[in-house]
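Undergrad: Dropping a structure here in structure tokens format, bear with me for questions.
Read the figures in this text as sums done on the coordinates, not as results from a lab. Worth saying up front: this structure is predicted, and the values here are computed from it rather than measured. Glycine also receives a Cβ, built like all others from the backbone with ideal geometry; neighbour counts cover every protein chain displayed.
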Amino acid sequence: RVAILTDSIYPFVKGGKEKMIHEITTRLAASGYDLTIYCMQLWEGDKIIIKDGITFYGIGSSHNQYSGNRRSISEAVFFSLNCFKLLTKKFDVVDVDHMPHLVLFSMKIVCLLNRKQMTVTWHEVWGRAYWKEYLGNFLGEVAFLIEKMSAHLPDMIISVSDHTTKRLRTVLGTKRKIVTIYNGVDQEEIFKDMRIEKPSDIVFAGRLLPNKNIDVLMQAVAIIKVKNPNIAVSIVGDGPEKERLELLVDALGIRQNVSLLGFLEDNK
């Protein structure tokens with residue numbers, strides 16, 4: 001019995017983390033594993049539904065993940081408190097998404113009382129400097145301390161990249177066991193029906209969020225354009241940064257070079 005804990009999940013929320021969990025869990029379900037995803041109730045109707053062989057359990061009503069262009073603190077607190085509902089649930093293995101970090105404190109208590117180990121999948125480390133830029137000096141320092149403390153709670157961490165693994169050690173100082181497992185790519189699905197309508201030199205795909213540093217990419221394009229005026233960049237995705245990035249494209253004079261394609265329903 002495998003439990004997955006995350007505040008958002010595909011297909012109700014479309015994003016990289018959400019799609020990764022979807023790809024892993026559907027394959028595990030097809031192999032005969034008993035899987036339950038505990039998340040915010042992102043659907044209407046019953047709090048428990050079954051989809052693609054997976055049980056989805058809504059442990060709390062849906063709250064917006066973002067307040068403006070920043071992660072919502074109230075959503076993080078609300079979801080973390082609702083995690084205590086797993087005290088009465090039966091599972092052999094639990095994998096917890098590291099964001100929001102407050103969830104790890106709740107789930108540590110749940111796992112200790114249930115005498116289960118807590119495995120956490122870690123996608124990225126923000127660190128003190130970015131948290132202060134994101135929330136200001138005081139709240140940023142508090143958020144960094146929470147991030148640092150949370151990295152010491154898991155029994156094992158699954159890191160999605162060598163970069164994240166290194167920062168878990170050097171920035172957060174965790175001594176916990178870390179296994180680095182890279183995000184998978186379904187090459188057969190990608191290459192079986194390739195359709196290139198407009199060639200691109202650079203492609204970005206993901207949520208348009210401040211921590212993705214897409215503005216840095218655009219500034220680099222403006223520099224490269226001086227010697228390579230035909231450089232072509234495609235930005236695939238949507239999010240709270242879209243309006244600011246549109247303005248930046250015009251301000252840098254790279255409208256002919258950058259295509260903001262928005263969210264694409266079709267993966268191909």
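Undergrad: Could you give me D for region 85-202, from Stokes-Einstein at 4 °C and 1.567 mPa s, where the hydrodynamic radius is the Kirkwood radius over C-alpha pairs? Units µm² s⁻¹, please.
TA: For the chosen part, D equals 79 µm²/s.
Undergrad: For region 201-268, take N as its residue count and report Rg(C-alpha) divided by 2.2 N^0.38 Å.
TA: 1.05
Undergrad: Shifting gears a bit: Residue by residue through region 33-39, what is 3J(HN,Hα) from phi via Karplus (6.51 cos²θ - 1.76 cosθ + 1.60, θ = phi - 60°)? Round to whole Hz and write x for glycine and proline.
TA: In residue order, the calculated couplings are 6, 8, 10, 10, 9, 9, 8 Hz.
Undergrad: Label points 7 Å out from Cα along the Cβ direction at Ser72 and Asn213: separation in nm?
TA: Taking the simple label geometry, Ser72 and Asn213 are separated by 2.9 nm.
Undergrad: If I take the Cα coordinates of region 1-43 and project them onto the principal axes, what are the three extents in Å, biggest first?
TA: 25, 17, 15
Undergrad: Let me ask something else. With a ≥ b ≥ c taken as the square roots of the eigenvalues of the C-alpha gyration tensor of region 46-129, please select rounded if a/c is under 1.5 and otherwise prolate if a/b is larger than b/c or oblate if it is not?
TA: Note, shape of region 46-129 comes out oblate.
Undergrad: Still on this structure, I have one more. What number, rounded to the nearest 500 deg cm²/dmol, is the helix-based mean residue ellipticity at 222 nm of the chain, given -39500 (n - 2.57) per DSSP H run of at least four residues and division by all its residues? It would help to have the intermediate numbers written out before the result.
TA: Working: 9 runs with 97 residues, N = 268.
Rounded to the nearest 500, it is -11000 deg cm²/dmol.
Undergrad: Just to confirm a number: summing +1 for Lys and Arg and -1 for Asp and Glu over residues other than Ile4 whose beta-carbon lies under 9 angstrom from that of Ile4, what do you get?
TA: Summing Lys and Arg as +1 and Asp and Glu as -1 gives -2.
Undergrad: Could you work out how far helix 16-30 tilts from the main Cα principal axis of the chain, as a 0 to 90 degree angle to the nearest 10?
TA: The angle comes out at about 50 degrees.
Undergrad: Where Lys and Arg each count +1 and Asp and Glu each count -1, what net charge lies around Phe84 among other residues with Cβ under 15 Å from its Cβ?
TA: Values: positive: Lys85, Lys89, Lys108, Lys116; negative: Asp7.
Spelling it out: positives minus negatives among the neighbours equals +3.
Undergrad: Once fully extended, how much extra length lies between Thr170 and Asp155, figured as 0.36 nm per residue of separation less the alpha-carbon to alpha-carbon distance?
TA: So the chain would gain 3.6 nm between Thr170 and Asp155.
Undergrad: Take Val142 and Ile224, extend 7 Å from each Cα along the Cα→Cβ direction, and tell me the distance between the two endpoints in nm.
TA: That separation, rounded to one decimal, is 4.1 nm.
Undergrad: How far is helix 214-224 tilted, in degrees, relative to the longest principal axis of the Cα atoms in the chain, given as a value from 0 to 90 rounded to the nearest 10?
TA: Once rounded, one gets 30 degrees.
Undergrad: Please grab the % of Cα pairs in the chain that end up more than 22 Å from each other.
TA: Cα-Cα pairs of the chain separated by over 22 Å account for 62 percent.
Undergrad: I would also like to ask the following. Sort 246-253, 180-187, 233-240 by the packing proxy (mean of other Cβ within 10 Å over each peptide's residues), most packed first. Walk me through the numbers before you get to the answer.
TA: Values: 246-253: 13.5, 180-187: 10.8, 233-240: 18.5.
In decreasing order of mean packing, 246-253, 180-187, 233-240 become 233-240, 246-253, 180-187.
Undergrad: Something else: For region 121-268, what is the largest minus smallest coordinate of the Cα atoms on each principal axis, given in angstrom and ordered from greatest to least?
TA: Principal axes ranked by extent give 48, 41, 29 Å for the Cα atoms.
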